[in-house]
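Data block below; observations after.
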Amino acid sequence: MAINLTDLQPIKASTDLSSYTSFIYGTPKIGKTTFVHKLYGDRVLFIATEKRHKVLVGAHVQYVSSWIEYLQVLAQLRNKTIQERYDVVAIDTVENLYQMLEAYILSKYNKTEFGQVDWGKDWTDLKKDWKEGLQMIERLGYSPVFISHATQITEKIPVSGILQEQVNETMTLKEDKKTKEKYYEFAKYVPDLKDKVMAPINKMVDNILFMTVTADESGQEHRVIHLRETLQWKAGSTFEGIAPVIPLSADSYKKAVEDAIGLIDDDLKKDEKESIGMQEEELDYDALMTEARELGMKFHEANRMDEVQRIVDETFGSGNKLTGATKHQVQPLFVAIQKMKEIL
């Protein structure tokens with residue numbers, strides 16, 4: 001494909017959820033597969049590693065029982081008719097597919113366990129085939145969705161490494177018997193996958209959704225989706241302003257994404273308006289310098305001058321002072337003041 005920079009168009013956030021890659025995990029029977037089916041309808045092809053989709057009426061499900069069968073599915077996904085038929089390919093579940101690959105590699109070398117092949121060739125093939133086998137979905141023009149189970153691990157964080165507002169009733173304050181160092185111990189939900197299995201997926205997906213059951217103040221239970229990372233669970237979203245937790249439903253997720261994209265559009269419009277305003281209105285150096293000194297006093301009183309220096313270093317370069325800005329530096333002076341206002 002020939003490159004022509006004159007044809008470049010600005011990126012716009014899409015409300016089409018099939019254009020985003022996702023990793024979805026949660027507690028057993030929470031409704032992960034049903035959620036994906038309702039989200040994408042008949043535009044999603046499930047590559048199922050378990051025969052448990054019998055009541056998922058209307059779903060398009062292809063069961064695989066080995067890595068070879070998975071490769072056969074990938075080969076058919078190259079078909080233009082299939083590419084027109086589906087937008088999304090969902091792996092349900094990831095952990096089972098990885099076990100199939102492990103069995104395939106061991107069979108390839110006629111071994112019973114890993115580490116028995118010279119030069120670690122079995123481990124190398126496992127890593128390479130896993131990465132390429134997952135990435136092929138996206139290369140063929142589909143948006144991959146990965147589904148997995150959740151598990152709980154025990155986390156330990158030193159008291160010095162956690163903000164007080166992050167401490168909650170799920171954490172237990174303990175003390176190391178040898179070092180006497182105090183730390184918080186708590187349970188954290190993570191995907192039930194080894195790091196080496198999750199690593200290529202982490203690099204591929206736009207969103208990580210954690211599904212679980214929570215209870216309100218009256219004790220009534222609700223199924224929810226967590227879209228933001230906390231100390232208690234792994235999650236994340238490409239949409240900066242998305243709600244951190246929403247009801248577990250396809251409609252709620254669609255609305256959350258639309259709202260987040262609306263915030264992006266509003267920010268762009270605001271930035272454009274402010275930019276135009278700056279161009280139309282000449283910046284007042286003396287007024288900005290007065291404002292800079294006033295803000296500097298507030299930071300000094302709050303013992304936060306290190307933050308001011310960080311902003312100055314980022315804006316003017318290391319070793320400079322805010323009050324040393326000249327009239328020729330009125331624009332970066334304005335930028336530095338805006339940054340100070342934001343964090344103050």
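The values are calculated or read from the model by the stated rules, or taken from the named source; none is laboratory data. Everything numeric here is computed off the predicted structure, so don't read it as measured data. Cβ: placed from backbone, ideal geometry, glycine included. Neighbour counts: every protein chain shown.
Name the single residue, out of those in region 201-242 being over 18 Å from F35 (Cα atoms) and among the small types (G, A, S), that is nearest to the chain's Cα centre (by Cα). Filtering first and then ranking leaves G241.
Identify, from the list L193, L173, the residue that is surrounded by fewer than 13 Cβ atoms within 10 Å (Cβ to Cβ) and in contact (Cβ under 8 Å) with a residue 12 or more places away in the chain. Outline the logic, then answer.
Working: L193 fails: surrounded by fewer than 13 Cβ atoms within 10 Å (Cβ to Cβ).
Checking each option against the conditions leaves just L173.
For region 311-326, taking the residues that are surrounded by fewer than 13 Cβ atoms within 10 Å (Cβ to Cβ) and at pLDDT 80 or above, the one that is nearest to T290 (Cα to Cα) is identified as T323.
Per-residue answers, yes or no, for (1) at pLDDT below 85; (2) of a type outside the set (A, V, I, L, M):
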{"site": "M278", "(1), (2)": "yes, no"}
{"site": "E291", "(1), (2)": "no, yes"}
{"site": "P332", "(1), (2)": "yes, yes"}
{"site": "E342", "(1), (2)": "yes, yes"}
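Filter region 140-170 down to the residues that are in a helix (DSSP H, G or I) and surrounded by fewer than 12 Cβ atoms within 10 Å (Cβ to Cβ), then identify the one that is farthest from the chain's Cα centre (by Cα). Steps first, answer last, please.
Step one: of region 140-170, the residues in a helix (DSSP H, G or I) are 159-161, 164-166.
Subsequent filtering for residues that are surrounded by fewer than 12 Cβ atoms within 10 Å (Cβ to Cβ) retains 160-161, 164-165.
Details: S160: 26, G161: 23, Q164: 25, E165: 23 Å.
The residue in question is S160.
Could you tell me whether region 135-144 includes any residue that is farther than 22 Å from Y20 by Cβ and of a type outside the set (S, T, N, Q)? No: zero hits.
Restricting L126, L134 to those that are without any contact (Cβ under 8 Å) to a residue 40 or more places away in the chain and either in the same structural domain as L39 (by TED's automatic domain parsing) or closer than 30 Å to G41 by Cα (or both) reduces the list to L126.
Conditions tested, residue by residue: (1) farther than 20 Å from Y253 by Cα; (2) without any contact (Cβ under 8 Å) to a residue 60 or more places away in the chain; (3) surrounded by fewer than 17 Cβ atoms within 10 Å (Cβ to Cβ).
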| site | (1), (2), (3) |
| --- | --- |
| S18 | no, no, no |
| T21 | no, no, no |
| I30 | no, no, no |
| T49 | yes, yes, no |
| K54 | yes, yes, yes |
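For the structure I just gave you, tell me whether K131 is among the charged types (D, E, K, R) and within 20 Å of the chain's Cα centre (by Cα). Lay out the reasoning, then the answer.
On the way: among the charged types (D, E, K, R): yes; within 20 Å of the chain's Cα centre (by Cα): yes.
Answer is yes for this residue.
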